[in-house]
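Single-structure report; data block below.
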Amino acid sequence: MKLYMEHINLSVQDLEGATQFFTTAFPNFKVRGGGDGNYGKWLHIGTADTYIAITQADPKKRGERYASSGINHVGFVVDDVDALAKRLSEAGYKRSYPKQIQQFRIRDYFLDAEDNEYEFVEYLSDKEEERNSYAD
């Protein structure tokens, strides 16, 4: 059974400062991708197998997801997202975001009893360039 922590998703006040911190702390970490999405500017910094997802916090969006600094969610790689989602749903845990089926991965997000969010991802490819594609 495959299971490992793949990433942590953080919101920060200073995206460039956080990038400098993590690339200094972990010299083998490189910027894997980035953009400007629903929650603002973001970067993924890390290796082919593990990374830190960093989003620029926007205090004008008070009360919205990713609006202030802190941990947003922790991501785990699993063998079977559907089986995991079934177990969590049957135990009464709620999705925090709609299930995402993409070309090379399936992702599902759930909240624990204290509203901490977790992302579970099942990769549909063993190729690094497909697993880490930001095209979809």
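Nothing in this text is a laboratory measurement; each read-out follows from the coordinates by a stated rule. Owing to the predicted nature of the structure, the values given are computational and were not obtained by experimental measurement. Positions of Cβ are generated from backbone atoms using ideal geometry, with glycine treated the same way; all protein chains shown enter the neighbour counts.
Rounded, prolate or oblate, given the Cα gyration tensor of the stretch 67-128, with a/c below 1.5 counting as rounded?
oblate
Taking the Cα centre as origin and putting +1 on Lys and Arg beta-carbons and -1 on Asp and Glu beta-carbons, what dipole magnitude results for the stretch 3-131, to the nearest 20 debye?
On the way: 16 positive and 22 negative charges, 82 e Å.
That gives a dipole near 400 debye.
Divide by every residue of the chain the summed helix terms, -39500 (n - 2.57) for each DSSP H run of at least 4, and state the resulting mean residue ellipticity at 222 nm, rounded to the nearest 500 deg cm²/dmol.
-5000 deg cm²/dmol
Residue by residue, what Karplus-based ³J(HN,Hα) values in Hz, rounded to whole numbers, does the stretch 23-30 have, using 6.51, -1.76 and 1.60 with θ = phi - 60° and x for Gly and Pro?
Computed from phi, the couplings for the stretch 23-30 are 6, 6, 5, 10, x, 7, 7, 10 Hz.
Explain nothing, just compute: Karplus ³J(HN,Hα) = 6.51 cos²θ - 1.76 cosθ + 1.60, θ = phi - 60°, for every residue of the stretch 82-89 in order, whole Hz, x for Gly and Pro.
Once θ is set to phi - 60°, the couplings for the stretch 82-89 become 5, 5, 5, 4, 4, 4, 5, 4 Hz.
When the chain is fully extended, how far beyond the present Cα-Cα distance does Thr50 get from Val31, taking 0.36 nm per residue of separation? The partial results should precede the final answer.
On the way: separation 19, 0.36 × 19 = 6.84 nm, distance 1.17 nm.
Going from the current span to full extension adds 5.7 nm.
Please report the net charge: other residues with Cβ closer than 12 Å to the Cβ of Ile45, K and R +1, D and E -1.
Working: positive: Lys30, Arg32; negative: Glu16.
That sum, taken over residues with Cβ under 12 Å, equals +1.
Name the residue from Asn28, Ile54, Leu84 whose Cα lies farthest towards the positive end of the charge dipole of the chain, charges +1 on Cβ of Lys and Arg and -1 on Cβ of Asp and Glu.
It is Ile54, whose Cα lies furthest towards the positive end.
Please work out the C-alpha center-to-center distance from the stretch 105-134 to the stretch 67-83 and express it in whole Å.
For the stretch 105-134 versus the stretch 67-83, the Cα centre distance is 6 Å.
Search the structure for amide H atoms under 5 Å from the amide H of Gly33, placed 1.01 Å from N in the peptide plane, and list their residues when 5 or more places away or on another chain.
His44
The chain: Rg/Rh from Cα coordinates, Kirkwood Rh?
Using only Cα positions, Rg/Rh for the chain is 0.96.
Cross-link partners among lysines for Lys60, C-alpha distance below 21 Å, same-chain residues fewer than 8 apart left out?
Lys41
Tally Lys and Arg at +1 and Asp and Glu at -1 over the other residues with C-beta under 14 Å from the C-beta of Val31: what net charge comes out?
With Lys, Arg at +1 and Asp, Glu at -1, the net is +2.
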